[in-house]
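Have a look at the structure below before the remarks.
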Amino acid sequence: MESRHVVIIPIEIDEEKEADYLAAWQDAAKVMAAQPGFIRTYMFRTIVPGSRFPLVNVAEWESTRHWEEAMNVCPMMGQRIAVAHASNYEAIRTVLPPQSPSSGDGRVPADLSPVEARRRAEEGRLTLVDVRADDEWAARRPAGAVHAALSTLPASLSDLPDGPLAFVCRTGDRSAQGGVQAIRAGRSSVYSVAGGLEAWEAAGLPVVLPGSESAQNNGDRVADAVRES
């Protein structure tokens, strides 16, 4: 979570143009949500009378590079409805409210360790679903996973097997989002692989690399981790 990059955009705009701007922003946000590395975005209206910036857009991305690449396809680039002042920030601390434990059937997916997710997938007790973008999936992926990019959910949920699902992404952010969408769509026993592919590889679990359907791992840590857990 600490690697997130935040884009804060104070917006100067006349009140009579706000509705048009928000409509354009809504369309642009949908395009942004389909881009690699997107986490979430918010639009705020200031409650301070007479503020120079009545609107403020906040967007979270996995990296500054992802945001910069997304700007190449942003439909609001070049619009002159408002003056926007974009600045990049790196999130250095995150405080979240405490959550009660989830069984996987609540409003948020339960966390599952990479080792346990691998074990259950091998035993046929769940389907491992990689929700990263197509290019990320092509570069490397967890062995045994199927692909359903977050941008295609919840439409692609019907193509996934029945039974428990464990979503995985790079760090665990998008997998949690995918899990929430699956729960809202009526799926039960939904999990998010804690730490994502980074934690998966750190645990020595196998991955599939480009041009090879055989799984590669980081030594003998897979068997050791499974036995120890």
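Laboratory data are not the source of any read-out in this text; all were calculated from the coordinates shown. In this text the structure is predicted, and so the values were computed from the model without any measurement. Glycine gets a Cβ as well: all are built from the backbone with ideal geometry, and neighbour counts include every protein chain shown.
Applied to segment 173-185, the Karplus parametrisation 6.51 cos²θ - 1.76 cosθ + 1.60 on θ = phi - 60° returns per-residue 3J(HN,Hα) values of 6, 5, 5, 5, 4, x, x, 4, 5, 5, 5, 5, 7 Hz, with x for Gly and Pro.
The length gained by stretching the chain between A33 and S63 to full extension, at 0.36 nm per residue less their Cα-Cα distance, is 9.4 nm.
Between amide H atoms placed 1.01 Å from N, distances below 5 Å from S113 occur with A194, all of them 5 or more places distant or on a separate chain.
Put simply, segment 7-74 fits an ellipsoid with semi-axes of 24, 13, 9 Å; these come from the alpha carbon gyration tensor as the roots of five times its eigenvalues, largest first. Applying the Karplus relation 6.51 cos²θ - 1.76 cosθ + 1.60 with θ = phi - 60° to segment 40-54 yields 3J(HN,Hα) values of 6, 9, 9, 10, 10, 10, 5, 9, 8, x, x, 5, 5, 10, x Hz, where x marks Gly and Pro. The phi torsions of segment 19-35, fed into the Karplus equation with coefficients 6.51, -1.76 and 1.60 and a -60° offset, translate into couplings of 4, 5, 5, 5, 5, 5, 5, 4, 5, 5, 4, 5, 5, 4, 5, 8, 8 Hz, rounded to whole numbers, with Gly and Pro shown as x.
Packing, taken as the mean count of other beta carbons within 10 Å per residue, orders the peptides 183-193, 39-49 from highest to lowest as 183-193, 39-49.
Between amide H atoms placed 1.01 Å from N, distances below 5 Å from Y191 occur with L165, A166, F167, all of them 5 or more places distant or on a separate chain. The distance between label points at R184 and Q26 comes to 1.5 nm (points 7 Å beyond Cα on the Cα→Cβ vector).
Amide H contacts of R141 (H built 1.01 Å from N, in plane; Pro and chain starts excluded): V208 sit under 5 Å, all sequence-distant by 5 or more or on other chains.
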